[in-house]
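Take a look at the structure below.
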Amino acid sequence: MEKAVHLSTKAGPEVPGEPTKMGTSMVDSAAAAVQSFTPINQIHQHLCAFHFYAYDMTRQVESHHFCGHINEDMRQCLIYDGPDANARLIGLEYIVTEKLFMTLPDDEKKLWHTHEWEVKGGFLFMPGVPETIQRQDLEKVAKTYGKVYHFWQVDLGHELPIGLPNLMMAVTRDGQLYPEMVKETEKKFGISIDKERESRAYMKGPEHGIHPLANGGGKGLKLEMREVDLKPVESVPRVFV
């Protein structure tokens, strides 16, 4: 049985494969000179937080979100296992306001988690950004809901992204995160979660309170793959044949 590694403290990811060759780098440089990266260039925010597997709270991952706003009610984030150039893309998260969350079907609401305690508890922060500036946005984030999937199980030491996507959840109260993981993060980024918590005590969560179906409805959730019988090929319209 695989054993979860709760702390990601390695200097860099060990991904199998040959080092990038000169020819590949030249092609990348040439393409970068003429192509537009408009969607990527909309990313203007780096948030660091902690996720745990929706079906196993003992598996916890430090997650670095690189986010861009679609509009005032929704932002989308690419999630990496670190802030460095060689970080692995391990997941993604969608963040919506309470207004949009309330329009979701009840079965869908269970897949979304709250950010109130994650923010107010000091566990979500912007590395390198002064707290006074962070608070202007985190006041909004504390009222939102997020839906996040991880595709790469780095906590198990997987060298490649294998297996099904995993629904993840966020902190909703004290005592859920491993203290040693929190301390390691504080040391790396020179922050004090306790101090940040004190400065955010005035913040408020969703206007209507945390929805009872959010955060898995208080239950664990896990994606599973099932085989289904496909219709015979003959039943498919042969429009393009």
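The values are calculated or read from the model by the stated rules, or taken from the named source; none is laboratory data. Please read these numbers as outputs of a predicted model, since none were measured by experiment. Here Cβ is always computed from backbone atoms with ideal geometry, including for glycine, and neighbour counts include all displayed protein chains. Note: areas computed on protein heavy atoms with side chains; ligands, DNA, RNA excluded. Shrake-Rupley method; radii C 1.70, N 1.55, O 1.52, S 1.80 Å.
Considering only segment 94-126, state which residues are among the aliphatic types (A, V, I, L, M), open to solvent by 50 Å² or more (accessible area, probe 1.4 Å) and more than 18 Å from ILE70 (Cα to Cα). Within segment 94-126, MET102 is the sole residue that qualifies.
When you scan segment 174-181, do you find a residue that is open to solvent by 20 Å² or more (accessible area, probe 1.4 Å), touching a His at 6+ places or on another chain (Cβ under 6 Å) and not hydrophobic (A, V, I, L, M, F, W, C), even just one? Among the residues of segment 174-181, at least one is open to solvent by 20 Å² or more (accessible area, probe 1.4 Å), touching a His at 6+ places or on another chain (Cβ under 6 Å) and not hydrophobic (A, V, I, L, M, F, W, C), which makes the answer yes. When restricted to residues that are part of a helix (DSSP H, G or I), open to solvent by 50 Å² or more (accessible area, probe 1.4 Å) and touching a strand residue (DSSP E or B) at 6+ places or on another chain (Cβ under 8 Å), segment 185-219 contains 1.
Within segment 127-150, the set of residues being open to solvent by 20 Å² or more (accessible area, probe 1.4 Å) and either aromatic (Phe, Trp, Tyr) or within 16 Å of the chain's Cα centre (by Cα) (or both) comprises PRO127, LYS147, TYR149.
In the condition set (1) surrounded by 12 or more Cβ atoms within 10 Å (Cβ to Cβ); (2) modelled with pLDDT of 95 or more, VAL171 is compliant with all but (2).
Per the conditions (1) assigned to a strand (DSSP E or B); (2) within 28 Å of PRO16 (Cβ to Cβ); (3) open to solvent by less than 60 Å² (accessible area, probe 1.4 Å), the sole criterion not satisfied by THR58 is (3).
In segment 196-223, the residues that are farther than 26 Å from THR58 by Cα form Cβ pairs under 6 Å with partners that are open to solvent by 80 Å² or more (accessible area, probe 1.4 Å) and in a loop (DSSP other than H, G, I, E, B), at six or more places apart or across chains, as follows: PRO206/LYS143.
Candidates GLU72, GLU98: the one that is of a type outside the set (S, T, N, Q) and farther than 20 Å from ALA170 by Cβ is GLU72.
Conditions (1) touching a Phe, Trp or Tyr at 6+ places or on another chain (Cβ under 9 Å); (2) under 17 Å from PRO206 (Cβ atoms), marked per residue:
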position: GLU93; (1), (2): yes, no
position: LEU104; (1), (2): yes, yes
position: ASP107; (1), (2): no, no
position: THR114; (1), (2): yes, yes
position: LEU138; (1), (2): yes, yes
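Checking the structure you have, find out if any residue of segment 124-139 is closer than 22 Å to LYS219 by Cα, touching a strand residue (DSSP E or B) at 6+ places or on another chain (Cβ under 9 Å) and assigned to a strand (DSSP E or B). Within segment 124-139 (the criterion being closer than 22 Å to LYS219 by Cα, touching a strand residue (DSSP E or B) at 6+ places or on another chain (Cβ under 9 Å) and assigned to a strand (DSSP E or B)), the answer is no, since none of the residues qualifies. When the test is whether a residue is open to solvent by 70 Å² or more (accessible area, probe 1.4 Å), of a type in the set (A, V, I, L, M) and not in a loop (DSSP other than H, G, I, E, B), ILE162 does not pass it.
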